[in-house]
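Okay, here's the structure, questions in a sec.
What follows is calculated from the coordinates using simple rules that are stated; it is not laboratory data. Quick caveat: nothing in here was measured; it's all calculated off a predicted structure. Because the Cβ atoms are built from the backbone with ideal geometry, glycine has one as well, and the counts that use them run over all protein chains shown.
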Amino acid sequence: MTMFEDRERAEEAKFAHDEETMFRVQARRNKLLGHWAAERMGLDAAETEAYATSVVQAEFEEAGDEDVVRKLLGDLISAGIEIDDAEIRAALEAKGLEARAQLMGGA
């Protein structure tokens with residue numbers, strides 16, 4: 001095997017690892033975001049877990065975060081919570097940092 005092939009394999013492995021890490025961070029972020037929204041809606045523990053799972057699943061509807069933001073905005077407004085797009089995006093950012101810290105710190 002040549003050095004070039006070794007380097008190519010290493011780059012492919014790094015890319016796969018980075019993609020997996022990004023997926024895990026987004027899933028954790030969405031779960032944390034689901035818990036945040038559920039708390040605001042006053043859901044009980046079982047409802048909170050189910051809701052957090054639904055937020056994680058919303059990520060797969062389309063590329064990017066718009067599907068998650070749209071779900072949260074609609075659900076929170078339907079629950080009578082006064083909230084806007086900017087507040088949800090701020091929570092998304094904060095929970096993203098929290099998720100990254102949890103995963104990178106091994107928590």
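Collect the residues in the range 61-97 that are among the acidic types (Asp, Glu), surrounded by 14 or more Cβ atoms within 10 Å (Cβ to Cβ) and outside any loop (DSSP other than H, G, I, E, B), keeping them in residue-number order.
Matches in the range 61-97: ASP67, ASP75, GLU87.
Please tell me if ARG70 is touching a residue at least 24 places away in the same chain (Cβ under 8 Å) and of a type in the set (Lys, Arg).
Criteria not met by ARG70.
In the range 44-60, how many residues are part of a loop (DSSP other than H, G, I, E, B) and touching an Asp or Glu at 6+ places or on another chain (Cβ under 9 Å)?
Number of matching residues: 2.
Now, a different point. Looking only at residues that are crowded, with 17+ Cβ neighbours inside 10 Å and of a type in the set (D, E, K, R) in the range 19-38, which one is nearest to the chain's Cα centre (by Cα)?
ARG29
In addition: How do the pairs read when you match residues in the range 39-66 that are hydroxyl-bearing (Ser, Thr, Tyr) with residues anywhere that are surrounded by 13 or more Cβ atoms within 10 Å (Cβ to Cβ) and not in a helix (DSSP H, G or I), using Cβ under 7 Å and keeping only pairs 6 or more apart or on different chains?
TYR51/LEU43
Is it the case, given these coordinates, that GLU59 is acidic (Asp, Glu) and either over 24 Å from LEU103 (Cβ atoms) or more than 11 Å from the chain's Cα centre (by Cα) (or both)?
No.
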